[in-house]
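The structure appears below as structure tokens.
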Amino acid sequence: MASLSTKPIIDLAGVTKTFGSFQALKGINATIHESEFFSLLGPSGCGKTTLLRMIAGFETPTDGTIVIAGEDMAGVPANRRPTNMVFQSYAIFPHLCVAENVGYGLKTRKTPKAEIAREVEQALQMVDLGGLGSRAAHELSGGQRQRVALARALVMKPKVVLLDEPLSALDKQLRDQMQVELRQLQQRLGITFILVTHDQEEALTMSDRIAVMFDGRIAQLASPEELYRRPVDRRVASFIGVMNFLDARATGRMNGHLALDIPALGSIELSSAQVPEGLDLRNLETIGIRPEMLTILFEGSEQTEHVARGEVTGTAYYGDMTYYSVRLPGHAEDVTISMRNTAGRSIVPPGSEVPVGWGADSIVLFQ
Amino acid sequence: MKSALKGLSAKWLALYAVAYMVFLYAPVILLPMFAFNDATIISFPLTGFTTQWFDVLWQTESLHGAVRNSLVVGLSSAVLSTILGACAARAAARYRFPAKRGIMSFIMLPLVLPEIIVAVALLVLLMQLGMPLSLATVVLGHVLICTPFSIVILNSAFQGLDQSLEEASYDLGESRWGTFRRVVLPLVMPGVVSSLLITFTISLDEFIIAFFLTGTEVTLPVYIWSQLRFPGKLPSVMALGTILLALSVLLLILAEWFRRRAARKQGIEASATGGFA
Ligand SMILES: Nc1ncnc2c1ncn2[C@@H]1O[C@H](COP(=O)(O)OP(=O)(O)OP(=O)(O)O)[C@@H](O)[C@H]1O
Ligand SMILES: [Mg+2]
């Protein structure tokens, strides 16, 4: 991923959209790179679709500019933009067969018939639908419709493919499979994909970078790893995976270290590399720690930097993992601890007193 | 006790249904019966089978003129009201505008307005404007009463049209006109045909407005009415009525078939779009 180009393909500057008196987007700034798999992630109603539709040209921004491939898109209609969309409903033309659907856009370009046929077949093979060109639209399964919609966009050789929750209508197994295929296809073709989703797992597994949106704003734009490890605020932290929040107080700062008092875990010192820039220590009230960064120490377990004591209040068994609810002294809410199940280790029953191990480098500070 | 009552009421209901059907369809059945009856007087018992009344029709010149007029009026009214209906249905399905419901129900009003009122009102208006009465004024009147029907039929066609299909077409580089031609039109086509057939049928059968608004040239229903004064021509009028009846039923069946096909094409249950015919 380090080899990824950082040449911008889409530039969003102060993009705002108002519907009547409702502000759906409140100033979006972002740069999307060439050959990047970029995801817009956020809860329902945060404005993801609206933003995608503005890039496609179906909505006009109330304010701000959208630049695609160096050209300002103001006044450029959808049919003259170098983008193609995969609709949430797939929007397969019901009166046309698969090949006519995929070749629809080429026909508008007055491409010769033989060439259309060749490119359509090529595109269909790309999405594993080779030889199905003569199928009628209504004879397709959900997964096949999705592939036709994708082939129809890809055959246009767009600079950017826009996908609005393309997998949400598929069942879990097919969705997992399509996630992998979609990602591989994107990497092979090197076309920029912009994916809208409200599924954090989908965004994490597929994307190069993710923009997490809340209420019409981008809360954080970062790589999946960065998002998971260093969420900028509590909202992002709880939207991406599970996060334990603990009360904390900064007690001092000296020679590059930050002294923290976490009543539930104890007092520690953090290296300044862990402290986000611009953090106002006086406002520091909460820290976060992921469930897998806390461990219940068994006999013979590896030693951890710090150890606290807690009481198991509940367990949930997931086959490969067990999730424990653990009460820590001086903390009202139980924390969640995830433990990998290994051979010969039994599940700790509720009511047991257990040592809880953790490391200072897994503490997350929020702005 | 309760079930006995229920059985009784069911029986009455059945009886009522049969009586209603007889009342509704007996005259319709009488029409072809006398059209093929070998007697100049319309009365039972039937005397024998003949097709001579149909031959008479074939030789009546003035009738041919009336048929031509009816076809011209019917086709013009069908095309005009379907175009107007398509615009209205499209607007209703796609755009939001102030007082939409009010405007729509206002357009639909001729559906329930007594035709005689529409006819008299139009006549007065045309007189005031100094427009001479002709087949064109009949077309005007027919468009007025046919358009609501057209809207009802086309509404289901346009409502069922997924907007993302049009967006997908723009997105793939097609123009607005191209999108209309390649996506919208094929998908609403069965509805359009259905609307053409039904409005044509309505115009073909319509009497009051045609009677009030026509000049010297008459349409078929007006012609039939004028022939009723001559008892000798009654059997041939019956024959003509039979042809009209068969034609109307055929057109309506065709129209419904097209409407259902439209619904199926768009993948919706035909019944969900509200059957019309
Ligand atoms: N045409 C419109 N007119 C009025 N309000 C709109 C319009 N389109 C979207 N909105 C509003 O803008 C907000 C953002 O909508 P949008 O569809 O972008 O959300 P989303 O993030 O895609 O949500 P979801 O995950 O549910 O699809 C919503 O509150 C929605 O009600
Ligand atoms: Mg959406």
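The values are calculated or read from the model by the stated rules, or taken from the named source; none is laboratory data. What you see is a predicted model, and the numbers here were worked out from it, not measured in a lab. No Cβ is skipped: glycine too gets one built from the backbone with ideal geometry, and neighbour counts run over all protein chains shown.
Among the candidates A:Lys17, A:Lys26, which residue alone is touching a residue at least 40 places away in the same chain (Cβ under 8 Å), within 14 Å of ligand 2 (Cβ to nearest atom) and either of a type outside the set (A, V, I, L, M, F, W, C) or touching a helix residue (DSSP H, G or I) at 6+ places or on another chain (Cβ under 6 Å) (or both)?
Of A:Lys17, A:Lys26, the one residue that is touching a residue at least 40 places away in the same chain (Cβ under 8 Å), within 14 Å of ligand 2 (Cβ to nearest atom) and either of a type outside the set (A, V, I, L, M, F, W, C) or touching a helix residue (DSSP H, G or I) at 6+ places or on another chain (Cβ under 6 Å) (or both) is A:Lys17.
Being within 21 Å of A:Glu165 (Cα to Cα), within 10 Å of ligand 1 (Cβ to nearest atom) and part of a loop (DSSP other than H, G, I, E, B) is the filter here; which residues of the stretch A:5-57 pass it?
A:Gly42, A:Pro43, A:Ser44, A:Gly45, A:Cys46, A:Gly47, listed by residue number.
Name the one entry in A:Lys157, A:Lys107 that is out of contact with any Leu (no Cβ under 6 Å at 6 or more places or on another chain) and assigned to a loop (DSSP other than H, G, I, E, B).
The match here is A:Lys157.
Is the stretch A:253-270 home to any residue that is under 31 Å from the mean Cα position of the chain (by Cα) and not aliphatic (A, V, I, L, M)?
Within the stretch A:253-270, not a single residue is under 31 Å from the mean Cα position of the chain (by Cα) and not aliphatic (A, V, I, L, M).
For the stretch A:60-72, check the following and say yes or no: at least one residue is facing another protein chain (nearest Cβ under 9 Å) and part of a strand (DSSP E or B).
No, the conditions are met nowhere in the stretch A:60-72.
If you check A:Glu34, A:Glu100, which single one turns out to be touching a strand residue (DSSP E or B) at 6+ places or on another chain (Cβ under 6 Å), more than 9 Å from chain B (Cβ to nearest Cβ) and surrounded by fewer than 21 Cβ atoms within 10 Å (Cβ to Cβ)?
Within the list A:Glu34, A:Glu100, the selection yields A:Glu34.
Test B:Glu166 against the criterion of being more than 13 Å from the chain's Cα centre (by Cα), part of a helix (DSSP H, G or I) and surrounded by fewer than 23 Cβ atoms within 10 Å (Cβ to Cβ), and give yes or no.
In short, yes.
Do the conditions hold for B:Ser156, that is, is it away from every other protein chain (no Cβ under 14 Å) and more than 30 Å from B:Leu135 (Cα to Cα)?
yes
Are there any pairs, at least 6 apart or on different chains, whose C-beta atoms fall under 9 Å, with the first in the stretch A:37-51 and within 14 Å of chain B (Cβ to nearest Cβ) and the second within 10 Å of ligand 2 (Cβ to nearest atom) and assigned to a strand (DSSP E or B), and if so, which?
A:Thr49/A:Leu40; A:Thr49/A:Asp164; A:Thr49/A:Val196
What residue, among those in the stretch A:186-216 that are within 16 Å of ligand 2 (Cβ to nearest atom) and among the charged types (D, E, K, R), is farthest from A:Gln367 (Cα to Cα)?
Top of the filtered list is A:Glu202.
Which one of these is touching a helix residue (DSSP H, G or I) at 6+ places or on another chain (Cβ under 9 Å), surrounded by 19 or more Cβ atoms within 10 Å (Cβ to Cβ) and over 20 Å from A:Phe193 (Cα atoms): A:Leu124, A:Leu140?
Answer to the check: A:Leu140.
Go through (1) free of Cβ contacts under 8 Å to residues at least 24 places away in the same chain; (2) surrounded by 20 or more Cβ atoms within 10 Å (Cβ to Cβ); (3) within 16 Å of ligand 1 (Cβ to nearest atom) one by one and return the number of the condition A:Leu227 breaks.
Result: A:Leu227 passes all but (3).
Checking A:Ala153 against (1) crowded, with 24+ Cβ neighbours inside 10 Å; (2) among the small types (Gly, Ala, Ser); (3) within 16 Å of ligand 2 (Cβ to nearest atom): exactly one of these is not met. Which one?
(3)
Being at pLDDT below 95 and under 19 Å from A:His198 (Cβ atoms) narrows it down to one of A:Pro82, A:Pro8, A:Pro43, so name that one.
A:Pro43
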